[in-house]
Amino acid sequence: SDEIKILQKLVKQRKESAEIYKKQSRLELANIEINQSRIIERFLPDQISTEDLDKLITEIINQTGAHGMKDMGKVMGIASSKLSGKADGKTISNIVRSKLM
């Protein structure tokens, strides 16, 4: 699991760098970062679909009885451990936030 976390971090860094390069209109550098992230992603487990992720997060919210943003940490803790390597934290966070608002 440590290796997966490292690879996920590398992919995240590449994607963030690509976004910065795009904002600076340096598309050649953005493309390099995107290509590197795709290569690294090949070594990660398959990512869960957004629909399945949405269903799993809804189940976690129902199981924990979470209501509102005050319970986000509780839901994120469970979701992050269950979905480790299958979805990135930002996506999980965005879905949890939208469901708890």
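In segment 59-70 there is at least one residue that is surrounded by 13 or more Cβ atoms within 10 Å (Cβ to Cβ) and outside any helix (DSSP H, G or I). All of (1) modelled with pLDDT of 90 or more; (2) more than 14 Å from the chain's Cα centre (by Cα) hold for Gly68 with one exception: (1). When each of Ile6, Ile48 is tested for being modelled with pLDDT under 95 and buried (at least 17 other Cβ atoms within 10 Å of the Cβ), the lone residue that passes is Ile48. Filtered by the rule that a residue be within 17 Å of Ser84 (Cβ to Cβ) and either exposed (fewer than 12 other Cβ atoms within 10 Å of the Cβ) or among the small types (Gly, Ala, Ser) (or both), segment 23-44 gives a lone residue, Phe43. Could you look through segment 71-93, keep only residues that are charged (D, E, K, R) and outside any loop (DSSP other than H, G, I, E, B), and pick out the one that is surrounded by the fewest Cβ atoms within 10 Å (Cβ to Cβ)? So, considering only residues that are charged (D, E, K, R) and outside any loop (DSSP other than H, G, I, E, B), the one surrounded by the fewest Cβ atoms within 10 Å (Cβ to Cβ) is Lys90.
The values are calculated or read from the model by the stated rules, or taken from the named source; none is laboratory data. Since we're looking at a predicted model, the values are computed, not measured. For neighbour counting, all protein chains shown are included, and Cβ atoms are generated from backbone atoms with ideal geometry for every residue, glycine included.
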